[in-house]
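Worksheet: one structure, shown below.
The values are calculated or read from the model by the stated rules, or taken from the named source; none is laboratory data. Predicted, not measured: the structure shown is a model, and the values here were computed from it. Here the Cβ positions follow ideal geometry from the backbone for every residue, glycine too, while neighbour counts run over all protein chains shown. Only protein heavy atoms, including side chains, enter the accessible area calculation; ligands, DNA and RNA are left aside. Shrake-Rupley method; radii C 1.70, N 1.55, O 1.52, S 1.80 Å.
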Amino acid sequence: MLTWLKQEPRGWGKLFFLVCLILFVDYVLALLALGYFGVRPPSTVIRAVRVLKYTGDTTWVFWGLLAWVIFEEVVFRALPVVLASRFGRYWVVLGVAALSSVAFGFAPQHAMVSLGTKCWIALGGMTLSLLYIKCGGIRGEIRVKPLLLCIYAHFTADALYLGMFAYMAH
């Protein structure tokens, strides 16, 4: 697995496939969490669904979600992985990625959800951390390509969740 993670994908086709794979895994995790474990969505998602339901205003939801996703990806993915890659070996980077994913799951924006939901969010955060590492984010500097791919994957996953929860709310 470590050898596979170290090989950066070349070409847009491979990158697109990797992002789709991460989204699929993340979406399956969410469906399992909802269906089998009764996991509730984070309070930020519930508020966004309420705004969509009662106002029909997608502008606030789009820009708010995008800004929040960018913040989360920089704080919970890019900075920890880059700092760890400057000072540690590969296994240290993976350990820091796992710890930052747990911190992501237990971050204040996820305070209103159950412990099970926090664990599922942390697992989804780890898939995004692996995407960041796989796409070249381990070179000791914040790189645009892995950051943009993680922002895209995270934003798309959250948008899918919003759509799913908005549909369930009707």
Legend entry - Tally, over the stretch 58-90, of residues that are farther than 16 Å from Thr156 by Cα and of a type in the set (Ser, Thr, Tyr): 2
Legend entry - Some residue of the stretch 151-160 being of a type in the set (Phe, Trp, Tyr), out of contact with any Pro (no Cβ under 8 Å at 6 or more places or on another chain) and closer than 26 Å to Lys14 by Cα: yes
Inset, instruction - Inspect the stretch 108-116 for any residue being surrounded by 17 or more Cβ atoms within 10 Å (Cβ to Cβ) and assigned to a loop (DSSP other than H, G, I, E, B) and give the result as yes or no. - result: yes
Legend entry - Where Leu130 falls short, out of the listed (1) part of a helix (DSSP H, G or I); (2) touching a Ser or Thr at 6+ places or on another chain (Cβ under 8 Å): (2)
Legend entry - helices (runs of 4 or more DSSP H) completely within the stretch 9-80 that count 3 or more residues being more than 16 Å from Ile133 (Cα to Cα), modelled with pLDDT under 80 and polar (S, T, N, Q): 43-55
Inset, instruction - List every residue pair whose Cβ atoms lie under 8 Å apart, where the two residues are 6 or more positions apart in sequence or sit on different chains, the first residue falls within the stretch 54-83 and is open to solvent by 50 Å² or more (accessible area, probe 1.4 Å), and the second residue, located anywhere, is among the hydroxyl-bearing types (Ser, Thr, Tyr). - result: Trp68/Thr44
Inset, instruction - Report whether or not Leu130 is within 21 Å of Ser85 (Cβ to Cβ) and open to solvent by 10 Å² or more (accessible area, probe 1.4 Å). - result: yes
Inset, instruction - Examine the stretch 106-115 for a residue that is closer than 22 Å to Phe24 by Cβ and not polar (S, T, N, Q), and state whether such a residue exists. - result: no
